[in-house]
Amino acid sequence: MSFNNLIGNDKIKNVLNESIKNENILHSYLFYGVEGIGKKLFAMNFAKMILCNNKNNKPCEECKSCIEFETKNNPDFFHIEPEGNSIKIDQIRQMQKNILEKPINSSKKVYIIDNADSMTKEAQNCLLKTLEEPQKFIVIILIASNENNILATVKSRCTKMYFQKLTDADIKKFLNEKFSTTNLDENMLKLCNGSISKSIKVIEKTSILNQIKSIVDLLDSNNELDIINQNEVFYNNKDDVYLLLDYMYVLLFEKINTNKLNKNYYINAMELVQNTKNKLFNSNNYDMTIDNMLIKLGK
Ligand SMILES: [Zn+2]
């Protein structure tokens, strides 16, 4: 059976494999759970298995459907994603027109709606009609990180599959297989927060994250000037600032346990880092926001 190359969420693997085996594919699914844990890979794999024409070994990778799936030419597979910031009603209408046509290669047609939580309310209400009276041969898979943005009426018509965060052991296994790396320290693992995509980022940015660790270690020395002079690493890595601040947060939390004398200082520092994240989100003065944080940390 498939999903062998995917990490974690074994229960979902079993359920989907069973439904393929028993030819019990439902009309609509909602795959949800935090960002970066493989929901889309699962959905793609599932779609390929549904469409595969080989009875006993899905996906066989050899039939017309499998080959066309790999080359992104499978006429029975459709991938819908946001245009700009959202999935709009016109996209859903277009899909509904397409749904009326019978499958070409396979017995089913699969529609993945990626970032389904970005569908406008109008788009969702429009989709509802299809979910209420689906054509026999269609399967719709909604993928969402924030299921709160999906209307209850839409959710109630989907079979919900909750994807759990991966365990630290899963993340280690993944990094070992992909990058031959096993020596991620505990704090960096915490930063990954069970997300594959975040763990890839952490590996790519390890040297910068180590600079952040040096800054947090400096806080013990109480040398104000040394701390303020560390702004370069933030100035040079604007695109990754949220990752850097998240790592600072993890390290500060760790300090509370190892440096009990300064417990209150570190609690305040964590709050400061969190506030800085919020400020950066709304502010257009990046450098000043970073400097303010470092000045306050140095006091
Ligand atoms: Zn096949």
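With N as its number of residues, region 104-226 has a Cα radius of gyration that, divided by 2.2 N^0.38 Å, comes to 1.60. Heavy-atom accessible surface of the chain, averaged per residue, reaches 53 Å², computed with a 1.4 Å probe. Split the accessible area of region 205-298 by element, probe 1.4 Å, and carbon with sulfur accounts for 48%. Summary value for the chain: 18 percent relative contact order, contacts being C-alpha pairs under 8 angstrom separated by 6+ residues.
Relative to one another, the C-alpha centroids of region 1-79 and region 111-160 are positioned 18 Å apart.
Anything in the chain that counts as a DSSP H helix reaching 20 Å or more along its axis (C-alpha) with Kyte-Doolittle mean of at least -1.0? List them, would you?
Answer set is 241-258, 263-282.
Helical content of the chain, expressed as a calculated mean residue ellipticity at 222 nm, amounts to -16000 deg cm²/dmol (DSSP H runs of 4 or more residues, -39,500 (n - 2.57) each, divided by residue number, nearest 500). Fully extending the segment from K213 to N284, taken as 0.36 nm per residue of separation minus the present Cα-Cα distance, adds 22.9 nm.
Using a probe of 1.4 angstrom, how much of the accessible area of region 10-162 is carbon and sulfur, in percent? C and S fraction of accessible area: 47 percent.
For the set K201/K296; K172/K213; K21/K88; K88/K279; K58/K201; K108/K155, the pairs lying more than 25 angstrom apart at their alpha carbons are K201/K296; K21/K88; K88/K279; K58/K201.
How far, in nm, would the chain grow between K129 and K173 when pulled straight, counting 0.36 nm per residue and subtracting the alpha carbon separation?
11.6 nm
Both the radius of gyration and Dmax for region 205-298 are 12.3, 37 Å, in that order, over alpha-carbon atoms.
Could you give log10 I(q)/I(0) at q = 0.06, 0.11 Å⁻¹ for the chain, computed by the Debye formula over C-alpha point scatterers of equal weight, without solvent? Rounded to two decimals, the profile gives -0.28, -0.79.
Near the amide H of I138, within less than 5 Å, lie the amide hydrogens of K109, all on another chain or at least 5 residues away, with H placed in the peptide plane.
The values are calculated or read from the model by the stated rules, or taken from the named source; none is laboratory data. Note that the coordinates shown come from a computational prediction; the quantities given were computed from them, not determined experimentally. The area values use the complete protein model at the heavy-atom level, side chains included, leaving out ligands, DNA and RNA. Shrake-Rupley method; radii C 1.70, N 1.55, O 1.52, S 1.80 Å.
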